[in-house]
Each structure stands twice: as C-alpha cells, then as structure tokens.
Amino acid sequence: MARRRTELVSQAAQESAQQHVELPTMRAQRSGCIVQMSSVGGVLATLGGSAYAGTKFALEGLSEGLAAELEHLGIHVVIVEPGPFRTDFTGRSVRWADPIEDYRPALDPAKKQFLAMHDHQPGDPARAARAIITATQMETPPLRLPLGANAIDRIRLFFRHEFWGAVNGERRNRPGCSWRST
C-alpha cells in the first residue's frame, strides 16, 4: 500500500511539474491551454477503483484551482473526462493487487466485469483526440470535456442524483450508484 501511495503522489507531482515548465511561456504570451487527462473516474469512483479515482479527483481539484488562477492571464484549462475508449486501459496495462479476503466478494465480480470490457469499449480514440483539439482551439474552451456517451450519461446521472438527492433528503448507498431515502 505504501508503494501505491508513493506512485499516486508521484503522478500528481509529475502533473504539477509539467505545468510549471510550460506556464512561464504561456504567461509571457498571455494565452495558452492546458489539457489535463482525467476520467469519468475523476467525477465518480467505482467499486475497485478507489486508488485510481483518488488520483483523478486530485487532478480535477488541482485543475479547477489552476483554471481560476490563470483565467485573468488568458490561459485556459480543459479537464478531459473520457469514459471507456478502445485503448489498452483494460488490457495488459492493468495491474491488480490481491484483495483482502473480506473485500473479495465485492471486488471479484467488478474485476471480471472490468476485464470483460477489453476490446469492447465504445469510444473511438481518434474521435476523442479530434474533440480535444477542437476544444483547445475554442476562444473559451470548456473547463470539463466529458468524452463518450458512457461518460456523459454517467456524469449527468451522478450530478442529477447528487443535487436532487440532497434536495430531497436522500443519501447514496454507494458513490455514483443507487439512492435511498433517509
């Protein structure tokens, strides 16, 4: 667990360091666009994905703050939030730790479902790349760019439940999932 924590901190530090390399040039020219690769997992966590979601939540928070700090300089931030795309994300690039036995009944089916997605993801990476380029060329790019119908639907449903659930006194059973009245 300590090694994984170090990797997560390292990933966030790398993102931050890269921004500091590019920002002096963007500040001097009073323009630019920083593209942050998040995920639908940066908006809502899923079963078995807490470590991944944690890094994406951190990236989204960092990016929101950065966007506010840079807006007056004409520098924009775009947080890309893709859903499942036909990449190797669910293939050989995945690494799994052995779960603690108490978690196995919940995690094993989620892992099986995740791995079954490989080569069946609906999103087209080339189309996503074009959408990102288009967003960066806009006069005022969006802060968030969810990509793929899956991401758009899940994010919309999540926020609808976050807002209306809170208004109606409901609480979540699990993040991004079902609701019940209190």
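Close Cβ contacts (under 7 Å, 6 or more residues apart or on different chains) running from residues in the range 146-159 that are assigned to a helix (DSSP H, G or I) to residues that are among the acidic types (Asp, Glu) comprise Ala151/Glu81; Ile155/Glu81.
For the range 52-97, filtered to residues that are assigned to a loop (DSSP other than H, G, I, E, B) and modelled with pLDDT of 70 or more, the residue that is nearest to the chain's Cα centre (by Cα) is Gly83. The set of residues in the range 56-77 that are under 30 Å from Lys111 (Cα atoms), crowded, with 20+ Cβ neighbours inside 10 Å and of a type outside the set (D, E, K, R) comprises Leu59, Ser63.
One residue alone among Phe163, Phe159 is surrounded by 12 or more Cβ atoms within 10 Å (Cβ to Cβ) and either modelled with pLDDT under 95 or over 30 Å from Ala28 (Cβ atoms) (or both), and that residue is Phe159. A single member of Ala131, Ala149, Ala110 is of a type in the set (Gly, Ala, Ser), modelled with pLDDT of 75 or more and more than 18 Å from Gln36 (Cβ to Cβ), and it is Ala149.
The values are calculated or read from the model by the stated rules, or taken from the named source; none is laboratory data. What you see is a predicted model; the values in this text were computed from it and never measured. Because the Cβ atoms are built from the backbone with ideal geometry, glycine has one as well, and the counts that use them run over all protein chains shown.
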